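All of the numbers you see were taken from the coordinates with simple rules; none came from a lab. Small disclaimer: the values here were computed from a predicted structure and weren't measured. Glycine also receives a Cβ, built like all others from the backbone with ideal geometry; neighbour counts cover every protein chain displayed.
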Amino acid sequence: MSPYAAKLAFRHLLSHPGQTALLITGVTLGVTVFIFMSALIGGLASLLTLRTVGSIPHIILERPDRDPAILSEAPNVQVITQKDLSRREQIAIWQPAIPIISQTPGVTAFSPQIRGAAFLERGQAIASVGIIGVEPGKLSAMADIDRAIIGGSSSLPPDGILVGSRLAKDLGLVVGQVVRLSSDRGRIRSFRIGGIFELGIASADRQAVYMNFTTARALFDLPTGISRIEIKVEPAIDAPNIAAVLRRSTGLKATAWTEDNAQLFEGLDAQARTGTIIKAFALITIVIGIASAMLLSIIRRQSEIGIMRAMGASKTLVVSIFVLEGTLIGLAGAIAGAALAWLALAPMPPVSEVQSGGLPIDQAQGDFLLAILLTTVAAALASVLPARRASRIDPVEAIGS
Amino acid sequence: MARVLKGIDLAIDYGEMAALLGPSGSGKSTLLTILGTLMRASGGSHEMLGIDLINASEKQRTEFRSRHLGFVFQFHHLLPDLTALENVMMPAASAAGRETSAMRHRAAELLNAVGLADRRDYRPNALSGGQRQRVAVARSLINEPVLVLADEPTGNLDLASADKVMELIRRINEATKTSFLISTHDEHIATQCLRRIELFDGRIAD
Ligand SMILES: Nc1ncnc2c1ncn2[C@@H]1O[C@H](COP(=O)(O)OP(=O)(O)OP(=O)(O)O)[C@@H](O)[C@H]1O
Ligand SMILES: [Mg+2]
């Protein structure tokens with residue numbers, strides 16, 4: 001690329017400011033769309049992941065399955081296996097696991113829980129609920145119950161429970177009311193509604209009932225063991241690896257959230273593909289725009305090109321001039337588009353604070369450098385064919401006309 | 001394909017100034033184009049400075065053209081985005097890939113010689129037709145060619161401007177011993193050249 005080619009390319013672009021500005025504006029808009037799509041698709045993925053993993057445990061530790069494997073001697077013997085229901089689904093000795101868990105890298109919070117099924121009765125109304133007994137201070141370790149409280153308080157005295165908004169609506173429950181819980185172990189006790197929460201997750205808001213750890217022990221006849229340990233990790237996407245570590249170090253069954261959310265990943269994948277297609281179209285538009293503009297410019301400047309060739313300019317020089325012009329338009333448009341997108345996306349709230357109904361646009365996922373790079377390369381490629389055509393112009397024909 | 005030129009036998013000496021005359025369609029432009037290596041003759045031989053140009057590669061011909069030949073056309077064909085000075089430099093800068101101060105210096109001298117020293121930073125659209133053609137003459141000389149091929153260089157000019165351009169060419173021819181081959185329809189122009197070459201239907205008449 002000779003300095004003279006650069007000079008002629010710059011000179012031509014600057015000599016036609018209106019036309020140059022129009023072309024650059026076109027590229028700018030394409031690049032803005034590209035970056036906007038990246039930020040939106042990335043932000044949507046973040047939001048969905050955040051919403052999904054925000055209120056659920058990332059890893060659940062439970063008692064490993066101990067049903068014996070069947071060693072059948074003869075292949076023609078039919079064996080029917082049944083789950084051994086004589087033992088309770090509990091982690092009998094759980095205290096030794098606690099220091100191991102809290103020292104595992106990536107773990108940010110954990111919560112030993114007593115879980116069980118129960119019927120909640122108020123007068124004639126009855127509903128089946130899932131009891132979650134949590135240790136004091138660990139109420140919001142998994143789902144942020146403290147922030148979800150819409151009535152009453154989140155404190156958990158021995159006779160208090162927290163119920164979800166849908167359950168409260170179904171049974172007409174209000175704060176302060178007394179209800180009866182009968183557990184699947186046959187125990188029946190009365191509780192006062194201490195608070196009502198709304199997580200925005202239908203199943204939790206309809207079925208979950210939080211209570212004090214010690215109270216739950218009594219209700220479910222579990223003097224020492226617990227049902228499970230729920231764990232939060234950071235980043236959430238590392239859950240499968242951390243689960244594998246915990247499985248080895250504690251000997252417990254460890255289930256990562258990703259195993260139960262394959263659909264989410266499929267959805268995110270499809271969304272990312274859609275984004276890629278839209279971005280590709282933005283690039284194609286830029287390529288077509290630049291290629292056709294260069295072609296028109298070359299047809300208009302045939303005699304100029306002819307005279308240069310007649311006076312000793314090489315084909316390489318002619319190709320360089322036009323490829324450079326196209327590339328400069330692409331680069332200028334890319335930078336302008338990136339700047340425009342950056343300014344437009346700057347006031348967007350972080351994804352974690354997006355209100356429902358608002359678009360989750362994540363500036364950090366805007367792919368600014370990629371957009372600039374791809375656009376510049378696309379612009380250079382778009383001008384190669386027109387430039388080669390220019391270099392093949394026959395000087396005699398061009399000058400004669 | 002019809003033959004345009006037939007049995008042309010022409011030698012041009014160093015420092016010669018020749019007029020190429022002939023009716024429209026007689027083959028003047030075609031002859032200049034072939035001599036200028038912009039088109040290859042379909043047969044015969046074409047030699048200049050001892051170099052065989054018929055059998056030379058396209059690249060060698062481009063290089064030869066840039067080093068040893070100058071062109072002036074009926075239409076000035078100046079590049080509209082460049083100033084007069086930059087236009088004069090163009091053939092040299094194209095070959096070198098850059099503009100140098102030596103080129104700038106020489107181009108300024110040439111503009112001075114064609115009487116346009118005060119117009120060096122004007123673009124072509126701010127010059128008169130005669131001025132543009134004088135810039136084109138200056139441009140043809142930037143690479144110090146041995147031969148300048150001029151195809152009706154005054155065809156677009158009024159009488160006064162045409163005389164000025166011809167006088168300029170004569171002066172340069174005398175001062176630098178650059179050869180000129182100038183096609184024209186104009187007897188008045190032809191009389192200012194020392195040699196007359198007349199074409200009729202693709203043949204040289206005597
Ligand atoms: N590209 C071409 N293909 C075929 N024939 C051509 C081409 N260019 C010119 N000719 C023919 O060659 C002959 C000579 O044309 P040329 O342009 O050399 O004439 P000329 O003497 O320069 O005429 P004028 O004085 O009108 O400029 C004409 O008969 C013309 O039709
Ligand atoms: Mg002609």
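Just subtract the alpha-carbon distance of B:Ala102 and B:Asp201 from 0.36 nm times their residue separation and send over the number in nm, one decimal.
On the way: separation 99, 0.36 × 99 = 35.64 nm, distance 4.48 nm.
Working it through step by step, the gained length comes to 31.2 nm.
Where in the range A:247-267 does the label zone of A:Ser203 land, with the point 7 angstrom along Cα→C-beta and an amide N cut-off under 20 Å?
Answer for this model: A:253-267.
When the label point is put 7 Å from the Cα of A:Arg185 along its Cα-to-beta-carbon vector, which residues of the range A:218-255 have a backbone N closer than 12 Å?
A:218-227
Helices from chain A with mean Kyte-Doolittle at least -0.5 and a Cα length along the axis of 15 Å or more, per DSSP H: which? Kindly include the intermediate steps, with their values, before the conclusion.
Working: long enough: A:3-15 (18 Å, 0.33); A:17-54 (52 Å, 1.47); A:239-250 (16 Å, 0.19); A:262-300 (57 Å, 1.22); A:315-345 (44 Å, 1.81); A:368-391 (34 Å, 1.56).
TM-like helix candidates: A:3-15, A:17-54, A:239-250, A:262-300, A:315-345, A:368-391.
What dipole magnitude, in Debye to the nearest 20, does the range A:97-255 give about its Cα centre under +1 on Lys/Arg Cβ and -1 on Asp/Glu Cβ? Numbers along the way, then the final one.
Numbers: 18 positive and 13 negative charges, 76 e Å.
Using only the charged Cβ atoms, the result is roughly 360 debye.
Considering amide H positions built from the backbone, and no H for Pro or chain starts, which residues 5 or more places from B:Met17, or on another chain, come under 5 Å of its amide H?
B:Phe180, B:Leu194, B:Arg195
So for the pair A:Thr276, A:Thr108, with labels modelled 7 Å out along Cα→Cβ, what separation do we get in nm?
Here the modelled spin labels are 2.9 nm apart.
Against the longest alpha carbon principal axis of chain B, how many degrees, from 0 to 90 and to the nearest 10, is the axis of helix B:58-68 turned?
Roughly 60 degrees between the two axes.
Per-residue Cβ counts within 10 Å, from other chains only, averaged over B:154-161: what number is that? Spell out each step's value before the answer.
Working: counts 0, 0, 0, 0, 0, 0, 0, 0.
Mean inter-chain Cβ contacts per residue within 10 Å come to 0.
Quick one: if the Förster radius is 51 Å, what FRET efficiency do A:Thr25 and B:Asp163 give, using the C-beta to C-beta distance and rounding to 0.05?
Working: r = 50 Å, r/R0 = 0.99.
Once rounded, the FRET efficiency stands at 0.50.
Which distance in Å, rounded to a whole number, links the C-alpha centroids of the range B:184-206 and the range B:16-51?
When both Cα centres are located, 14 Å separates them.
With r as the distance between the Cβ atoms of A:Leu340 and B:Glu58 and R0 = 60 Å, compute the FRET efficiency 1/(1 + (r/R0)^6) and round to 0.05. Before the final figure, lay out each step's value.
Working: r = 46 Å, r/R0 = 0.77.
With a Förster radius of 60 Å, E is 0.80.
Peptides A:91-99, A:228-236, A:284-292: what's the order by average Cβ count within 10 Å, highest mean first?
Going from most to least packed, we get A:228-236, A:284-292, A:91-99.
Please list the non-local residues whose amide H lies under 5 Å from the amide H of A:Gly151, H modeled 1.01 Å from N, same-chain partners needing a gap of 5 or more.
Excluding prolines and chain starts, which carry no amide H, the hits are A:Ile196.
Just tell me how shielded B:37-43 is by partners: mean number of partner chain Cβ atoms within 10 Å of each residue's Cβ, no decimals.
On the way: counts 1, 8, 3, 0, 0, 0, 0.
Across the residues of B:37-43, the mean count of other-chain Cβ atoms within 10 Å is 2.
Sticking with the crude label model, points 7 Å out along Cα→Cβ, report the distance from A:Glu89 to B:Glu144 in nm, one decimal please.
Between A:Glu89 and B:Glu144, the label points sit 9.9 nm apart.
Compute the Rg to Rh ratio over the range A:97-255 from the alpha carbon atoms, using the Kirkwood formula for Rh, and round to two decimal places.
Details: Rg = 16.3 Å, Rh = 16.3 Å.
Value, to two decimals: 1.00.
If amide hydrogens are placed 1.01 Å from N in the peptide plane, which non-local residues have theirs closer than 5 Å to the one on A:Gly225?
none
Other chains' Cβ within 10 Å of B:59-66 residues: what's the mean?
Numbers: counts 2, 0, 0, 8, 2, 1, 5, 5.
For this peptide, the per-residue mean of nearby foreign Cβ atoms is 3.
Most exposed first by the Cβ proxy, i.e. fewest other Cβ within 10 Å, how do B:Leu82, A:Leu268 rank? Each step should come with its number before you reach the end.
Working: B:Leu82 21, A:Leu268 18.
Fewest-to-most Cβ neighbours within 10 Å comes out as A:Leu268, B:Leu82.
Let's test the formula: R0 of 41 Å, r as the Cβ-Cβ distance of B:Ala2 and B:Thr191. What FRET efficiency results, to the nearest 0.05?
On the way: r = 33 Å, r/R0 = 0.80.
Calculated value: 0.80.
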